[in-house]
Amino acid sequence: MIPLSVLDLLPIREGGTLHEALDDAGKLAATAEQAGYKRFWVAEHHATPGVAGGAASVVLAHIGHSTSTIRIGSGGIMLPNHNPFVIAEQFGTLDGLFPGRVDLGLGRAPGAAGIVAQALRKNLHQAAEYFPQDVVELRAMLTGDLDLPIVATPGLGAKVELWMLGSSLFGAQLAARLGMPYAFASHFAPDHLDAALIAYRNQFRPSAYLDKPHAMAAMTVIAADTDEEAELLSSSQDQSFVRLRSGDPGKLPPPIPGYRETLPDTARAMLEHLGQARAVGSVATVRERIGRFIERTNADELIVSGATYDPEARRRSLALTMEAVTS
């Protein structure tokens, strides 16, 4: 079985608090470590009421202190929101705190609405155009493979594993050109999955950091004792997806029995489209769907996402998912 990792979007529940969301993330990471997952990643999102990941590097310090062996990282840092020097310092610091455990996944999408760009004092469209150069500069600040006029301290010499993230061909082609491992966000954007993986593998150029292509694919995975229970648990995330795509994001709501049957055809079709990278059900169902997905993608690693209103149900889901792929 290929390595399994976890992507946590740090959901804030309706009726819950930021403190509870961060505490739950630490407990989830500890569960993932105990169950044998390879990595625990968190994502950067801004001004989103139901997501606690605005300061991803700070969250990772908390995750690191909640665990001892699992790799921790960003899935990802949206580099157009920042500058390479600051990110090098932040992740150099994380490497100092948790040596040999830190991943830095980089994305080009801003992960923010237009008004957030104003708050960040950034021209995000222009910053996205400089993304390839910024990735090269950031890597050089960590590795010293280019002669730069400034030294990131902390940063230089940090043993941080860099990843390229993407949901289109752009990230795949850039990862291939720079000889980086590549992670595709198929859990929410499955359309270009196959084409991106083909482009990445066909165009890959070996680098000093990676000698052959290494691809990770993301899935929404929620496991429970029965298919019916898992589908009920997943209705919280379904509601969040529909609200997000409707321009009305909010906190993670409680599950609703038969939620999909209440939706208009367009919303139901959107959720069904995302189902090609989804494994929700009993251990047997999750095993079969993950197996088909790995056969389709030939991925080197799999990263699972999926929020439940009850944090304990999410922790149990991780344990059952690992049971599904190892039994």
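The values are calculated or read from the model by the stated rules, or taken from the named source; none is laboratory data. Please read these numbers as outputs of a predicted model, since none were measured by experiment. Cβ coordinates were reconstructed from backbone atoms using ideal geometry, including for glycine residues, and neighbour counts include every protein chain displayed. Note: areas computed on protein heavy atoms with side chains; ligands, DNA, RNA excluded. Shrake-Rupley method; radii C 1.70, N 1.55, O 1.52, S 1.80 Å.
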Just checking, how many residues over segment 249-300 are farther than 29 Å from Leu18 by Cα, touching an Asp or Glu at 6+ places or on another chain (Cβ under 7 Å) and among the aliphatic types (A, V, I, L, M)? 1
Across segment 34-65, which residue is nearest to Leu252 (Cα to Cα) among those that are open to solvent by less than 40 Å² (accessible area, probe 1.4 Å), in contact (Cβ under 8 Å) with a residue 24 or more places away in the chain and in a helix (DSSP H, G or I)? Val59
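Return the only residue of Ser74, Ser68 being among the polar types (S, T, N, Q) and part of a loop (DSSP other than H, G, I, E, B).
Numbers: Ser74 fails: part of a loop (DSSP other than H, G, I, E, B).
Within the list Ser74, Ser68, the selection yields Ser68.
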Does Leu174 satisfy being at pLDDT 95 or above and touching a Ser or Thr at 6+ places or on another chain (Cβ under 9 Å)? no
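Could you tell me whether any residue of segment 83-101 is within 30 Å of Pro49 (Cα to Cα), open to solvent by 40 Å² or more (accessible area, probe 1.4 Å) and among the basic types (Lys, Arg)?
Within segment 83-101, the first condition is being within 30 Å of Pro49 (Cα to Cα), and the residues that meet it are 83-95, 97-98, 101.
With the extra rule that they be open to solvent by 40 Å² or more (accessible area, probe 1.4 Å), the set shrinks to 83, 85-86, 89-90, 93, 97.
Restricting the remaining residues to those that are among the basic types (Lys, Arg) gives none.
Taking every residue of segment 83-101 in turn, none turns out to be within 30 Å of Pro49 (Cα to Cα), open to solvent by 40 Å² or more (accessible area, probe 1.4 Å) and among the basic types (Lys, Arg).
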I'd like the residue in segment 1-33 that is surrounded by fewer than 18 Cβ atoms within 10 Å (Cβ to Cβ) and β-branched (Val, Ile, Thr) and, out of all such residues, is farthest from Ile303 (Cα to Cα). Thr17
What are the residues in segment 171-196 that are within 25 Å of Arg245 (Cβ to Cβ) and either open to solvent by 30 Å² or more (accessible area, probe 1.4 Å) or in a helix (DSSP H, G or I) (or both), if any? Gly171, Ala172, Phe188, Asp191, His192, Leu193, Asp194, Ala195, Ala196
Please verify whether Leu94 is of a type in the set (A, V, I, L, M) and closer than 25 Å to Arg278 by Cα, treating the condition exactly as stated. no
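Specify which of the listed residues (Ala119, Ala109) is open to solvent by 20 Å² or more (accessible area, probe 1.4 Å), small (Gly, Ala, Ser) and within 16 Å of the chain's Cα centre (by Cα). Working first, answer last.
Working: Ala119 fails: within 16 Å of the chain's Cα centre (by Cα).
Unique residue meeting the criteria: Ala109.
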